[in-house]
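Q: Take a look at the following structure, please.
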Ligand SMILES: Cc1ncc(C[n+]2csc(CCOP(=O)(O)OP(=O)(O)O)c2C)c(N)n1
């Protein structure tokens, strides 16, 4: 099953490589991993998407907790949570019909066209991974020039929070 | 007063109570070596290869419980320590490794003797640091000792660029450190302990299985008390030997691949398994699908990630073995439930039948020296009181099978990584820590040459180690596998062109003896042990094709041990209670 794990760790050089090293050494999957400093500059926050059986996920969380620099960790998937990912995408827009079609699809998915040339649109889209996948599907492979996805970031719903 | 980074490094070690550091100098560490020269409190032992330094520090740590300390230079100095660091990591040995690094301003420029120490060692350390700011140096060293010695212990590397060792700052060594992201659990959860005791007291066929965690956590007294209080059988892993007295009748021997028949059969048939400070290693469990099919498993460990990693535990208890066992003892004493005497008596009768098989039994010979016999004699002559280190191979298994360890920290071997070359340097650390003790290293002609250069260190520091070379002219353990599983195709397991070990020992300034008759074994050992002033290298010419029995082969369960061919398997005749 797919799990979204949120990690608060010391903002030290090398902390990221400890996490990625752990995953490669133990043969765990990483679907995506994003990291950035928090409002407290000594800490950084990481969101990691992985998949595996319950026992593999249990090991992953235990092994992550064992890293000296990990302060706190939450498997967001255990409760209700929100996930978002942002994508920047360049699509073909060289004929009137495709220009209209691209604009229409972008509106349906609540994307924004943020750069325009006479042959290309660049669209920004935010949503959960499913929405982004659906948008890509709707655009059709032949119209897509380049895709950049940030990877998933997530946060628990309601009052729960991962705060130090 | 302001001190240089180099002076601070040494002062930190002094203030941490470090007696010995094991090391080898080089460019990036020269400021530190200079600071070492100008003081008397911390003794430096100059090894002959950095791998030797790590194993010696490791042997020191295993035999004392104190962290071992290593000092090496950058680049090749560091890469030479990797085997020793990984060895310590796999067996959770507290160690602090201080490494010189090229100056900060050239890091990343492929400078002379530069290697990414933090990167190279990351997968085999508990933690590592690169010191970038001299004002953080003392605190970082304090943290390194704290991390290395608490929770599940392990090696920690502190990499110090050369310019940092030259800069100056005020020296303050903190008394303690608090790391917000590192707070190991010490006490077990009371509810879990209660559940565990309940399960133990209602058991019909219990087994207590313990590992290196008992030794590392100084919990042998508590373990002994609990086992005796319950009257249950206790088995130890290779790493756990000495955690429970081997001569006690409740001890059913080592378990696992080359363990006793009775311990493995008891594991298979047990209905409640209490595992303490053990990690269900594959050499212990055999085929997981066949592991303890009837047992409710209680697992006590300080490392949560060890629990349910290989085998799911029904009652996990996270915390320090010593504290948890103490509480279990209290709880057993206070409980109204008592062990089911009739069931336990029955269980012991079954175990004793298995025991009667004498699964370690070997055929003594008048002509050729049996390796088991040498270990037996060593045990008799030292009355079980020696420190015994070993290398890796058949000799290691014979040592574990035939030397009965009644005390913890006496049996010192590389269990997790299985590092050939470990035995001799480890024995140096042990002998330095215990100058008056008898220290023996049981080795093979394959393993000993992997760190043979340390014979020179032994001469320099007068370390009267008894080197027991069980010389079968084969990489014996490899040969055994080839005999059993590769139709006797002995691919590269014969040790051709061996040195004359007597001359070799003599050229290093030691006493060399070659023993090839069973009748001479005892005298040679006696002579070596009695001479407490010199290192004896005893080259025992042993039976070339002796095998280690019994054995659990790949894919087999505890109840499917491969016995010495003339042993009759009692398995078929047994009745499951
Ligand atoms: C550094 C290292 N290389 C290879 C091995 C694989 N290995 C395990 S046992 C063994 C043979 C050891 O031979 P020897 O030291 O002569 O001991 P014996 O088995 O003959 O008692 C080998 C090669 C190892 N454990 N460590």
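The values are calculated or read from the model by the stated rules, or taken from the named source; none is laboratory data. In this text, all values refer to a predicted model and were calculated from it rather than measured experimentally. Positions of Cβ are backbone-derived with ideal geometry, glycine not excepted, and every protein chain shown enters the neighbour counts.
Q: For region B:189-200, check the following and say yes or no: at least one residue is touching a residue at least 60 places away in the same chain (Cβ under 8 Å) and in a loop (DSSP other than H, G, I, E, B).
A: yes
Q: Filter region A:45-63 down to residues that are surrounded by 12 or more Cβ atoms within 10 Å (Cβ to Cβ) and over 16 Å from the mean Cα position of the chain (by Cα), then give me how many there are.
A: The total comes to 10.
Q: Right, another one. For residue B:478, state whether it is within 12 Å of the ligand (Cβ to nearest atom), out of contact with any helix residue (DSSP H, G or I) (no Cβ under 7 Å at 6 or more places or on another chain) and at pLDDT 95 or above.
A: Yes.
Q: Can I ask one more? Among the residues of region B:93-110, is any outside any helix (DSSP H, G or I), surrounded by fewer than 24 Cβ atoms within 10 Å (Cβ to Cβ), within 14 Å of chain A (Cβ to nearest Cβ) and touching a strand residue (DSSP E or B) at 6+ places or on another chain (Cβ under 8 Å)?
A: Scanning region B:93-110, I find at least one residue that is outside any helix (DSSP H, G or I), surrounded by fewer than 24 Cβ atoms within 10 Å (Cβ to Cβ), within 14 Å of chain A (Cβ to nearest Cβ) and touching a strand residue (DSSP E or B) at 6+ places or on another chain (Cβ under 8 Å), so the answer is yes.
Q: Considering B:449, B:467, which residue is in contact with a strand residue (DSSP E or B) (Cβ under 9 Å, 6 or more places away or on another chain) and either within 16 Å of the ligand (Cβ to nearest atom) or in a loop (DSSP other than H, G, I, E, B) (or both)?
A: B:467
Q: So, one more: If we only count strands (runs of 3 or more DSSP E) wholly inside region B:290-403, which ones have 3 or more residues that are under 30 Å from residue A:68 (Cα atoms)?
A: Counting at least 3 such residues, we get B:296-301, B:315-318.
Q: Here is a further query. Checking residue B:126 against (1) under 20 Å from residue A:22 (Cβ atoms); (2) more than 11 Å from every other protein chain (Cβ to nearest Cβ); (3) under 22 Å from the mean Cα position of the chain (by Cα), which test does it fail?
A: So residue B:126 meets the others, but not (2).
Q: Considering region B:481-506 alone, what residues qualify as being closer than 14 Å to residue B:449 by Cβ and either within 8 Å of the ligand (Cβ to nearest atom) or touching a strand residue (DSSP E or B) at 6+ places or on another chain (Cβ under 6 Å) (or both)?
A: Within region B:481-506, B:495, B:501, B:505 qualify.
Q: Taking residue B:419, is it crowded, with 24+ Cβ neighbours inside 10 Å, more than 10 Å from the chain's Cα centre (by Cα), within 15 Å of the ligand (Cβ to nearest atom) and away from chain A (no Cβ under 14 Å)?
A: Answer is yes for this residue.
Q: Hey, among the residues in region A:4-45 that are in contact with a helix residue (DSSP H, G or I) (Cβ under 9 Å, 6 or more places away or on another chain) and under 17 Å from residue A:161 (Cα atoms), which one's nearest to the other protein chains (Cβ to nearest Cβ)?
A: My answer is A:9.
Q: If a residue counts only when it is within 14 Å of chain B (Cβ to nearest Cβ), which strands (runs of 3 or more DSSP E) contained entirely in region A:46-140 have at least 2 such residues?
A: Filter on region A:46-140 gives A:70-75.
Q: Out of all the residues in region B:167-189, is one or more within 14 Å of chain A (Cβ to nearest Cβ), buried (at least 17 other Cβ atoms within 10 Å of the Cβ) and over 27 Å from the mean Cα position of the chain (by Cα)?
A: Yes.
Q: Residue B:131 - would you say it is within 14 Å of another protein chain (Cβ to nearest Cβ), more than 20 Å from the chain's Cα centre (by Cα) and farther than 20 Å from residue B:409 by Cβ?
A: The answer is yes for residue B:131.
Q: Where the second residue is in a helix (DSSP H, G or I) and the first is over 24 Å from residue B:195 (Cα atoms) and lies in region B:332-351, which pairs have Cβ atoms under 6 Å and are six or more apart or on separate chains?
A: Qualifying pairs under 6 Å: B:351/B:262; B:351/B:266.
Q: Also, quick follow-up: Which one of these is touching a residue at least 12 places away in the same chain (Cβ under 8 Å), touching a strand residue (DSSP E or B) at 6+ places or on another chain (Cβ under 6 Å), more than 13 Å from the ligand (Cβ to nearest atom) and not in a helix (DSSP H, G or I): B:440, B:426?
A: Every option except B:440 fails the conditions.
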